[in-house]
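Engineer: So that we are looking at the same thing, I have put the structure below in structure tokens.
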Amino acid sequence: MWNAFVHLHSFMKVFYNLDNLQGIDRAVVTIGSFDGVHLGHKTLIDQIKKEAAAIRGQSVVITFEPHPRIVLEKSPVNFALLTDLNEKIRLLEDCGVDSLIIVPFNLDFAHQPAETYLSEFLVKKIKPHTIVVGYDHHFGLGRKGNFALMKKVLEPLGINVIEVNPKLIDEITISSTVIRKALQAGDISQANTLLGHPYLISGTVEKGDGIGRKLGFPTANIKLRDDFKALPLDGIYLAQVDVRNNTSFGLVYIGQRPVLGESLRRVVEVYIYDFDENIYDNNIDVKLTDFIREDKKIENLDALKIQMEIDKADGRNLIKKRQEIAPSLAVVVLNYNGLGHLKRYLPELIEYSQEADIIVADNASTDGSVEYLNTLKEDIKIILLDRNYGFTGGYNRIISKLEHTYVLLLNSDVRVTKGWLGPLIQVLDQDEWTGAVQPKILNDRNKSFFDYAGASGGWIDRLGYPFCRGRIFDEIEEDKGQYDTPMEVFWASGAAMLTRRELYQKFGGLDDDFFAHMEEIDLCWRMKNAGYSVKIEPASVVYHYGGGTLDANSPFKTFLNFRNSLFVLLKNEKNHLWLKIFIRLCLDGIAGMRFFLQGKTRFVLAILKAHFEFYAKAGKFIRKRKKLKVLQTQRHNTQGRIKGLIIWQYFVKGKKFFSEL
């Protein structure tokens, strides 16, 4: 195992060999066991990600395998792991860590002097820019190394050493202890709350004795990867089961099967609802969600079958309750003559969005889109509109027909990824004052770069000019994890935006007069003026092809952008409105002159047309502005807005990246 160099887990590099740590630049490092990767750990990880983003470096977690206690104590008492190595890797990847270094822990490593640990391990092997550790971090022979020694040795070498808030370290220790106690008591709800995710048991499916199948309840026996894996109280649990890219509910039995009349080893067996395939030797993930009952001795196999029927029914009832209280979500895709995009992107959307209703609304396409959609009618819902109402009108008409709690507006040319919906839903679940959230949006043509339409969250300047974390004007940054911190922004991209249906309706939806472009900024600004937050959740990632319905070099798109940008300002700006509009008109004139000098006369005409239409409809938008005042509050939200001018920062000061602002 340790001969492997590096394995790519989607976006996280995992290193198993300390002699080949290539591709780690300006590392911001933290060190620990990270067993369970619970909420306390995630807070610490957020800190290193923030530090790394500030220096355009990489967040790096160093952990040890096997766990030091196993090596140092040989047979540790009262010791159990919340995560085996594979589980830990996947959970750290979900946190958005750039690189994970797994140090092979042995007695030679443990017995090296503290100074050697610093010079030969950290400095020579890791070459960190910054190290983030707790106040009680000890290392080296006899655990003589501490934070003070780190500062003394490393800071003269130009390595920053940051001490984590002692309270956080205490919380991490306490949380780990409480989680283990909750598992021992079968309190899976408390354990999951502290973990921030369902408790995970994973392994491979091995052959059992076949008794479950004989009773009409075929079960998968899980072979655990680590003998020290912590198992909860013996009994029956409801779980989400992932196997062969399929997610289902199942019943998990943990115990020694007392009905067989012998004292056997503790086992983990899973009965998967509505599933009967041969999955021997397959990897399986079991995520415990509910405790049903404790294990108990049952007299014979007939009584066992009766009890299993009762457990199955109890599980069904829990599933029904979970579905009743779970957020009702619709992913709405608006299509107009986008047959190629539908064929390319819809299959993955269906595969990775099992928890949502997928609704495809067609704006009277003429390219065979409807015929293709009908081939997928078992997996999606199709709504046909009688003509092309544009992006705004189409969405408004569809969403007005829905009754879902949440709606996600998704462009037809967006490629989604596995697990993309969960992090977005969680953001809205956790805060009722969050009105909208978007995923990190990368470019599907060049997957290592951000996408123009939204990147990692939208901002505006004092004149209302929009830009993004990862994209300012036409300067698009490469994604190196520098904007992977969840945060509040000013607007979410309409290419992939999750919002609350009732809130969408309350604020009038997308403005029909926009037709397309800037309409999401207008909606988000209305929410901000009413005190709601708009957020980016980079744990969710999608890829946008771009130009799916209107080419970026189209004069019509230029017309829409210039006109709608003025409409957005007129409707929503609260301070010095007319002065800002005057300055914007002047700057638009300068942009027109620039196009003229470049010989792009069609774009000059597009700007002129945009201004004429703005003047013609100004009265209408002033009336809209007055109506919106009843929705505005004193707690209007300006997060995600800079005080300066992005034009000045970009063209005069030469600041091309968001991190430089």
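Engineer: Taking the Cβ of each residue in Cys95, Cys524, Cys468, Cys586 as the centre, tally the other Cβ atoms inside 10 Å and list the residues starting with the fewest.
Structural biologist: Listed from fewest to most nearby Cβ atoms, that is Cys586, Cys95, Cys468, Cys524.
Engineer: When N is the residue count of segment 6-172, what does its C-alpha Rg come to as a fraction of 2.2 N^0.38 Å?
Structural biologist: Compared with the compact-globule rule of thumb, segment 6-172 sits at 0.97.
Engineer: Within segment 331-482, what percent of beta bridges assigned by DSSP are antiparallel, to the nearest 5?
Structural biologist: Of all bridge pairs located within segment 331-482, approximately 40 percent are antiparallel.
Engineer: For segment 392-543, take N as its residue count and report Rg(C-alpha) divided by 2.2 N^0.38 Å.
Structural biologist: Taking the Cα Rg and dividing by 2.2 N^0.38 Å, one obtains 0.96.
Engineer: A further question on this structure: Hey, what number do you get for the chain at 222 nm if only DSSP H runs of n ≥ 4 count, each worth -39500 (n - 2.57), divided across all residues, to the nearest 500? Could the numbers behind the result be given before it?
Structural biologist: On the way: 18 runs with 224 residues, N = 661.
Calculated mean residue ellipticity at 222 nm is -10500 deg cm²/dmol.
Engineer: Quick one: helix 390-399 against the long Cα principal axis of the chain, what's the angle to the nearest 10°, folded into 0 to 90?
Structural biologist: 50 degrees
Engineer: Right, something else. Roughly how many debye, to the nearest 20, is the charge dipole of segment 198-324 about its Cα centre, given +1 on each Lys and Arg Cβ, -1 on each Asp and Glu Cβ, and no other charges?
Structural biologist: Values: 20 positive and 22 negative charges, 19 e Å.
Result for segment 198-324 is approximately 100 debye, rounded to the nearest 20.
Engineer: Moving on. How far apart, in nanometres, would the label points at Ile647 and Asp367 be if each is projected 7 angstrom from Cα along the Cα-to-Cβ direction?
Structural biologist: So the two model labels end up 3.5 nm from each other.
Engineer: Greater than 21 Å separation of Cα atoms is the criterion. Which listed pairs, Lys447/Lys528; Lys447/Lys600; Lys125/Lys440; Lys287/Lys418, meet it? Show your work: numbers first, answer last.
Structural biologist: Working: Lys447/Lys528 31 Å; Lys447/Lys600 30 Å; Lys125/Lys440 32 Å; Lys287/Lys418 16 Å.
Pairs exceeding 21 Å: Lys447/Lys528; Lys447/Lys600; Lys125/Lys440.
Engineer: By counting other Cβ atoms within 10 Å of each Cβ, how are Val123, Val60, Val14 ranked from fewest to most?
Structural biologist: Neighbour counts put them in this order, fewest first: Val123, Val14, Val60.
Engineer: Still on this model: Less than 14 Å Cβ to Cβ from Glu115, Lys/Arg counted +1 and Asp/Glu -1: what total charge do the surrounding residues give? Don't skip to the end; give the middle numbers.
Structural biologist: Numbers: positive: Lys124, Arg143, Lys144, Lys151, Lys152; negative: Glu120.
Summing Lys/Arg as +1 and Asp/Glu as -1 gives +4.
Engineer: Still on this structure, please answer the following. Using only Cα atoms, find the angle between the long axis of helix 555-572 and the longest principal axis of the chain, and express it within 0 to 90 degrees, rounded to the nearest 10.
Structural biologist: Tilt relative to the chain: about 80 degrees.
Engineer: Now for a different question. In what order do Met593, Met150 fall by count of nearby beta-carbon atoms within 10 Å, going from fewest to most?
Structural biologist: Listed from fewest to most nearby Cβ atoms, that is Met593, Met150.
Engineer: Another one. Subtract the Cα-Cα distance of Arg26 and Leu587 from 0.36 nm times their separation in residues, and report this length gain in nm to one decimal. Intermediate results must be reported in sequence, preceding the final value.
Structural biologist: Details: separation 561, 0.36 × 561 = 201.96 nm, distance 3.95 nm.
Answer, rounded to one decimal: 198.0 nm.
Engineer: Give the whole-number value, in cubic angstrom per residue, of the convex hull volume spanned by the C-alpha atoms of the chain.
Structural biologist: 179 Å³
Engineer: Among Thr558, Tyr532, Leu579, flag the residue with its Cα farthest along the positive direction of the charge dipole of segment 514-583, charges on Cβ as +1 for Lys/Arg and -1 for Asp/Glu.
Structural biologist: Leu579
Engineer: Given Val123, Gly32, Gly208, which one lies farthest toward the positive end of the charge dipole of the chain, if we put +1 on the Cβ of every Lys and Arg and -1 on the Cβ of every Asp and Glu?
Structural biologist: Farthest along the dipole direction, towards plus: Val123.
Engineer: Another question about this same structure. Using a simple spin-label model with points 7 Å from Cα along the Cα→Cβ vector, what separation in nm is obtained for Asn78 and Asn283?
Structural biologist: 3.5 nm
Engineer: With unit charges on the beta carbons (Lys and Arg positive, Asp and Glu negative) and the dipole taken about the Cα centre of the chain, which residue among Gln426, Ile607, Gly57 sits farthest to the positive side?
Structural biologist: Sorting the options by dipole projection puts first Ile607.
Engineer: Still on this structure, please answer the following. With +1 on the Cβ of every Lys and Arg and -1 on the Cβ of every Asp and Glu, and nothing else charged, how large is the dipole of the chain about its Cα centre, in debye rounded to the nearest 20?
Structural biologist: 2780 debye
Engineer: Related question: Restricting to the chain, compute how many DSSP beta bridges are antiparallel as a %, nearest 5. Please list the in-between numbers first.
Structural biologist: Details: 62 of 110 bridges.
Taking every DSSP beta bridge within the chain, about 55 percent pair in antiparallel fashion.
Engineer: Counting only other residues whose beta carbon sits under 12 Å from that of Val332, what net charge do I get with K and R as +1, D and E as -1?
Structural biologist: Summing Lys and Arg as +1 and Asp and Glu as -1 gives +2.
Every number in this text was worked out from the coordinates using simple rules, so none of it is lab data. Bear in mind that the values here come from a model prediction, so they are computed numbers and not experimental data. All Cβ positions, glycine included, derive from the backbone under ideal geometry; neighbour counts span all protein chains shown.
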